[in-house]
1. Over what distance in Å are the Cα centres of the stretch 132-167 and the stretch 477-504 separated?
2. Write down the radius of gyration of the stretch 497-571 and its Dmax, each obtained from C-alpha positions, in Å.
3. Taking the chain as a whole, which cysteines find no other cysteine Cβ under 4.7 angstrom from their Cβ?
4. Where does the charge balance sit around ASP595 when Lys and Arg score +1, Asp and Glu -1, over other residues with C-beta under 13 Å from its C-beta?
5. What angle, in degrees between 0 and 90 and rounded to the nearest 10, separates the Cα long axis of helix 241-250 from the longest principal axis of the Cα atoms of the chain?
6. How long are the three semi-axes of the equivalent ellipsoid for the stretch 511-551, computed from the Cα gyration tensor as the root of 5 times each eigenvalue, in whole Å, largest first?
7. Multiply the residue gap between GLU646 and GLU598 by 0.36 nm, knock off their C-alpha separation, and tell me the result in nm, one decimal place.
8. Out of every Cα-Cα pair in the stretch 126-203, what percent are more than 22 Å apart?
Amino acid sequence: MDRLSAEKRIGELRDSLREHSRRYYVDNAPLISDYDFDRLMLELQELEAQYPDLQTSDSPTVTVGSDIEGGVRSGFERKAHTYPMLSLGNTYNIAEVEEFADRAAKTLDGDFCYSCELKFDGTAISLTYRNGLLVQALTRGDGSVGDDVTANVRHIPNIPQKLAGSGYPAEFEIRGEVLMPYKSFDRLNEERLGREEEPFANPRNAASGSLKLIDPIETGKRGLWCTLYHIPAQCIDCRTHSEALDRAASWGLPVSEHRRICRNLKEIEDFINYWDTERKHLPYATDGIVIKVNETAAQMALGYTAKFPRWAVAYKFRAERALTKLLSISYQVGRTGAVTPVANLEPVLLSGTTVRRATLNNADQMALLDIHMGDYVYVEKGGEIIPKITAVEPGKRTEGALRPEFPKCCPECGTPLVREEDEARWFCPNSSGCPTQIKGRILHFTGRKAMNILAGDATIDQLYSLGLVKTPADFYSLTRDDLLRLDGWKDKSADRFLKSLAATREVPYERVLFALGIRHVGETTAKTIVKEYADVDSLAQASVESLTAIADVGDIVARSIYGFFRDEENLREIARLKAAGLRFSAGAAAQQASDALEGMSIVISGNFGISRDEMKKLIERNGGKNSSSVSSKTSLLLAGSKPGPEKIRKAEELGVRVISEEEFLALLPQAPQAGNAEADEEEGYQEDLFGGMV
Ligand code: IVH
């Protein structure tokens with residue numbers, strides 16, 4: 001490439017890398033895969049090597065990606081790192097690992113070995129312990145200055161506040177990764193989808209976003225986890241890195257057990273190959289293997305570049321992706337009116353499942369991908385549940401292919417779409433007249449986590465088309481004869497439905513509030529609100545200011561609630577639901593039933609006579625605490641039908657008592673009658689996203 005073109009390309013690459021870096025570290029919403037990012041970086045590195053005089057000290061090739069928002073206060077105090085927090089050089093194949101090993105061997109004389117470890121896909125953290133007590137936690141920030149997130153980190157359960165054992169340095173730093181295990185990630189995204197909010201793209205973004213919440217209690221609720229992998233050599237007197245980690249583990253610090261000392265390339269390769277498949281069984285995301293020269297003296301001799309240590313390298317696993325053809329794009333309208341572009345694809349096999357549809361998120365994303373009709377596109381799943389399109393293959397584009405046009409009007413009702421400031425999505429504003437939104441709201445109301453009424457998509461469709469149900473309150477005027485008009489409905493189905501409808505009068509207020517479908521009010525927010533406003537009338541009177549005073553209720557949520565109660569139609573609907581006998585205040589049902597389970601930490605697994613949610617509530621109402629994984633602190637594992645074999649094994653291993661539903665109910669003073677509730681499997685997002693909800 002000639003100098004002029006190189007200069008132009010370098011400028012483009014730097015801009016693009018800076019923008020993608022901001023999307024990744026600050027917005028927690030990356031637009032391209034790590035692999036594509038690294039390739040752009042490599043291209044820039046090569047050009048800068050070719051034209052060294054074009055190198056600048058602020059080029060992305062020599063600066064560490066920053067998680068600090070440019071110029072905007074993040075709400076955290078900035079603190080300087082005592083030792084810079086660097087990144088790692090990336091490799092994608094064994095040949096590049098070999099080059100790394102050769103370079104190390106050339107500099108070092110004498111024997112050395114490697115510590116091979118998992119590369120955890122979370123967000124970096126640096127902890128400081130003084131006299132055995134946790135005194136500070138900083139994010140990586142820009143590598144020299146990070147955000148002080150100590151208060152939040154104190155709510156991550158496996159980070160000790162106080163060290164165990166003895167022999168730790170009076171003061172030292174230890175670094176690692178804050179992770180969001182898949183389980184917590186799934187739960188969080190389910191809640192977000194329930195609120196029609198953009199789900200987190202992957203557990204890494206979710207971990208980073210959760211670590212930086214303003215309210216530490218909320219961080220505590222996100223189910224974060226930490227694993228530690230590096231003590232700066234200046235902090236501890238150890239001959240090897242692996243010994244330093246072993247010592248850290250002996251002080252009760254969470255250090256990964258999945259490490260191995262490797263003596264040669266063959267052993268490194270075996271470790272990589274083993275984890276390339278085995279990592280799929282880990283409960284958290286990993287994106288590669290880190291290979292570190294193990295001897296401290298050898299590390300010192302190799303030293304650092306401005307960005308990386310020369311004694312370590314990351315071998316990154318390629319996210320599984322598949323190339324397939326874009327057949328068409330559907331624009332799905334959700335219950336809040338948000339319009340989501342969904343790509344219909346030529347079916348393709350990806351990580352064991354056939355993918356036919358993938359999300360394109362929003363109009364901005366479509367523009368960034370520069371997608372054209374009929375393009376060949378890359379689909380990825382990675383840690384994500386919803387498959388997404390991460391890139392297009394322009395080389396395979398047919399001539400004259402057109403860019404898709406995002407609709408100007410609602411594809412369901414024809415109303416012109418609107419896009420509010422700061423919203424990435426377009427909305428259909430016709431909330432009271434757009435059939436898809438109406439049906440979406442009814443479906444949300446009937447949902448298992450809302451009112452749990454036995455009416456799915458098809459039933460609601462029919463009830464709506466027959467003009468029998470236009471709003472949730474209409475359910476309560478349905479007669480048996482009305483129901484018998486539905487296709488295939490007989491006495492038995494009508495009975496089941498009416499029984500589930502009658503049961504909604506027992507549903508606690510917090511779930512009723514969630515069922516109303518106020519934008520941005522998901523299950524968790526509804527619970528929080530009910531603690532502050534115990535009945536709907538006081539909530540309807542609340543000002544935006546008093547709503548924002550509730551922890552975890554921001555301006556957007558507060559305005560949405562305020563606006564909801566200023567709409568006459570919503571008030572009429574609430575009055576009708578009240579008249580139908582639904583609970584609009586936190587009454588006796590929400591109160592403690594007994595203290596039979598006081599102090600117990602209980603894990604449930606499998607299906608029960610009542611729904612899993614009801615079971616969890618029952619535990620809470622009797623003084624117990626729910627926990628999602630079995631540990632030595634677990635008091636009971638309550639096993640229903642088809643319990644998870646891994647949980648049972650763990651409980652047996654740790655000597656945790658496993659009891660049946662029957663035995664459990666016998667522990668309670670007022671056990672509910674176990675009925676024949678539907679099997680209560682976890683709902684998949686894919687089903688949520690593509691099953692008509694969004
Ligand atoms: S060692 C001085 N070990 O990957 C080098 N880093 O892409 C210290 N990471 O910034 C890092 N797993 O946040 C190290 N086992 C591991 C890791 C690991 C994940 C992260 C770390 C680093 C990033 C580079």
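1. The distance from the Cα centre of the stretch 132-167 to that of the stretch 477-504 comes to 56 Å.
2. 12.8, 41
3. Isolated Cys, the chain: CYS113, CYS116, CYS226, CYS235, CYS238, CYS262, CYS409.
4. 0
5. Relative to the chain, helix 241-250 is tipped by roughly 40 degrees.
6. Semi-axes from the Cα gyration tensor: 15, 11, 10 Å.
7. 14.7 nm
8. Looking at the stretch 126-203, the distances longer than 22 Å represent 42 percent of pairs.
Bear in mind that the values in this text are calculations on the coordinates, not laboratory data. The structure presented is a predicted model; accordingly, all values stated were derived computationally and were not measured. As a convention, Cβ positions derive from the backbone with ideal geometry for all residues, glycine included, and neighbour counts pool all protein chains shown.
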